[in-house]
1. State yes or no: is VAL46 assigned to a helix (DSSP H, G or I), open to solvent by less than 20 Å² (accessible area, probe 1.4 Å) and in contact (Cβ under 8 Å) with a residue 24 or more places away in the chain?
2. How about segment 26-39: which of its residues are modelled with pLDDT under 95 and exposed (fewer than 13 other Cβ atoms within 10 Å of the Cβ)?
3. Name every residue in segment 82-110 that is aliphatic (A, V, I, L, M) and closer than 18 Å to VAL67 by Cβ, in order of residue number.
4. Restricting attention to segment 49-58, report how many residues are farther than 18 Å from LEU97 by Cβ and surrounded by 12 or more Cβ atoms within 10 Å (Cβ to Cβ).
5. Working carefully through the options GLY85, GLY99, GLY106, find the one that is open to solvent by less than 60 Å² (accessible area, probe 1.4 Å), of a type in the set (Gly, Ala, Ser) and part of a loop (DSSP other than H, G, I, E, B).
6. What pairs can you find where one residue is in segment 56-84 and touching a residue at least 60 places away in the same chain (Cβ under 8 Å), the other is in a helix (DSSP H, G or I) and among the hydrophobic types (A, V, I, L, M, F, W, C), and their Cβ atoms are less than 8 Å apart, with a gap of 6+ or different chains?
Amino acid sequence: MNNSDLQNPELSIVIPLYNETYNIEPLYKEIIKSLNSIIIFEIIYVDDGSNDNSHLILDNLKKEKFVKVIKHNRNLGQSFSLLSGVKEAKYETIVTLDGDGQNIPGDIIKLIEVYFASKNLCLVGGIREYRKDSNLKIISSKIANFVRSSILQDKCADTGCGLKVFNKEKFLSLPFFDGIHRFLPALFRGFGYNISFVQVGHRPRIHGISK
């Protein structure tokens, strides 16, 4: 695959994180390895009021010319972190993934291939094929996804997957509320934008605890 295959995409990768000291650098290295030779991108870390040593890792990474770090003085949650990152993005195509290392950066290619193959898609979401979480978390998520999908008819089996690709302008045009990150497929579809989904991998959390 080369740049011409993907129409020379430019991506702003937004990664919200909270107390992920030991996951930040391994995830960064994996992103670079997966994308550096074929895609123009920036990485925007949103430190959502971490009180561990995340700032030490981020202070070192932000020396890279394509890395931005946004810091919240207190923990505002994933939705506000997403909004902060998207507002600072310089590219129109946004990629989001979680900062805990459970999303696989190599899967970004799968999503953007689908996203750029169609001229009218505004969002492509990941669907975790085999989740590597506790049984309680998986069951709770399945129930929540079923109830939400039944009511909103967003045809999304896994809205909680952090790996998504979407249009910056369209996202910022949506009515913002705390928790919006869980309803992006429904909102994009509800406002008349075309969306699609791609199966992606999922890994167990190695460091830290689930937020």
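The values are calculated or read from the model by the stated rules, or taken from the named source; none is laboratory data. Quick caveat: nothing in here was measured; it's all calculated off a predicted structure. When we count neighbours, we look across all protein chains shown, and the Cβ atoms used for this are built from the backbone with ideal geometry, even at glycine. Ligands, DNA and RNA are excluded from the accessible area calculation, which covers all protein heavy atoms including side chains. Shrake-Rupley method; radii C 1.70, N 1.55, O 1.52, S 1.80 Å.
1. Values: assigned to a helix (DSSP H, G or I): no; open to solvent by less than 20 Å² (accessible area, probe 1.4 Å): yes; in contact (Cβ under 8 Å) with a residue 24 or more places away in the chain: yes.
The answer is no for VAL46.
2. Those that are modelled with pLDDT under 95 and exposed (fewer than 13 other Cβ atoms within 10 Å of the Cβ): LYS33, ASN36, SER37.
3. Just the residues of segment 82-110 that are aliphatic (A, V, I, L, M), to begin with: 82-83, 86, 89, 94-95, 97, 104, 108-109.
Within segment 82-110, LEU82, VAL86, ALA89, ILE94, VAL95, LEU97, ILE108 qualify.
4. Going through segment 49-58, the residues farther than 18 Å from LEU97 by Cβ turn out to be 49, 51-53, 55-56.
Those still in the list that are surrounded by 12 or more Cβ atoms within 10 Å (Cβ to Cβ) too: 49, 52-53, 55.
Number satisfying all stated conditions: 4.
5. Values: GLY85 fails: part of a loop (DSSP other than H, G, I, E, B); GLY106 fails: part of a loop (DSSP other than H, G, I, E, B).
So the residue among GLY85, GLY99, GLY106 that is open to solvent by less than 60 Å² (accessible area, probe 1.4 Å), of a type in the set (Gly, Ala, Ser) and part of a loop (DSSP other than H, G, I, E, B) is GLY99.
6. Within 8 Å, the pairs are SER79/ILE180; LEU82/ILE180; LEU83/ILE180.
Every residue, every condition in (1) of a type outside the set (Lys, Arg); (2) more than 11 Å from VAL69 (Cβ to Cβ); (3) under 16 Å from the mean Cα position of the chain (by Cα); (4) in a helix (DSSP H, G or I), yes or no:
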position: ASN19; (1), (2), (3), (4): yes, yes, no, no
position: GLU25; (1), (2), (3), (4): yes, yes, no, yes
position: LYS29; (1), (2), (3), (4): no, yes, no, yes
position: SER37; (1), (2), (3), (4): yes, yes, no, no
position: ASP52; (1), (2), (3), (4): yes, yes, no, no
